[in-house]
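The values are calculated or read from the model by the stated rules, or taken from the named source; none is laboratory data. Remember, it's a predicted structure, so these values are computed and weren't measured experimentally. FYI the Cβ positions are ideal-geometry reconstructions off the backbone, even for glycines, and counts take in every protein chain you see. Note: areas computed on protein heavy atoms with side chains; ligands, DNA, RNA excluded. Shrake-Rupley method; radii C 1.70, N 1.55, O 1.52, S 1.80 Å.
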Amino acid sequence: MSGDLKWNKILGAGLATVFVILMVKEGTAFIYHSEAPEKMGYFVDAPEEAASGPVEVILPPDWGTVMPTADLAAGEATFARCKSCHTIDAGGANGIGPNLFGIAGRATAGHAGFAYSDAMTAHRGTNPTWTLDELDLFITAPGRHVPGTKMSFAGIRDTDTRVNLIAWLRSQGSSGMAVPAPDPARQPGAVPAAPVEGEAPVADAGTAVADTAVTQAAPVAAH
């Protein structure tokens, strides 16, 4: 008889334990109850291209207009953050990147003593000179303009920052490089000329680039 009571007690204790667990579970669910959202996930406000109308075309800088009014002090301040990779004094040594004295108007991948990447050496075949436009395109997004370049810098999206930097670079050993006359085709509201048949369209310095400005500067000439 005592054996039966022992097993009854064990069974009762087990049932009581299960009951307590169920009560705690239900109580917790009641206290911390949360409603499921009507729409799952995060909403990203990205209008469809078809609904947004034609994409605004950003014209390249009108150098004849912007260079005379560029802020050289601001350009120098921007370049100060490039000094970990470049020197810009006449006869300065190469660093991680080439010396940039006289870069505006210089031959692409043409600075003696610097080992340029294969990508930049190949780029020289179609873009043999660091023109103002070429500098602008490269500084905007190095990896996009010269795919395969060793320079990992993301680029400077803000046009005014680039113009000031390029104007200052020109003042460092490239002042003999002529600035083109103002170009009405590059003025606000101008319609870009249609590309000649069989000729690849020229990439615009600002087209297809995110509006978020990258405020840091980096090595200017490609590696």
task = Please work out the FRET efficiency for the pair Arg81 and Thr126, using the Cβ-Cβ distance as r and a Förster radius of 41 Å; give the result to the nearest 0.05.
result = 0.90
Solvent accessible area, Å² - Asp62, 1.4 Å probe, full protein context = 10 Å²
task = Over the range 114-185, give the accessible area per residue in Å² for a 1.4 Å probe, as an integer.
result = 44 Å²
request  = Taking all protein chains together and a probe of 1.4 Å, list Met67, Met177 from the most accessible to the least accessible.
outcome  = Met177, Met67
message = Quick query: amide H of Thr129 versus all other amide H atoms, modeled in the peptide plane; which residues come in under 5 Å with a sequence gap of 5 or more or a different chain?
response = Thr108
query = In whole Hz, what ³J(HN,Hα) sequence does the range 70-85 give by Karplus (6.51, -1.76, 1.60; θ = phi - 60°), x for Gly and Pro?
reply = 5, 8, 5, 5, 5, x, 5, 5, 5, 5, 4, 8, 9, 5, 5, 10
remark   = Reported to the nearest 10 Å², Leu137 has, with a 1.4 Å probe, an accessible area equal to 20 Å²
ask   = Can you put Ile21, Ile166 in order of accessible area, largest first, using a 1.4 Å probe?
value = Ile21, Ile166
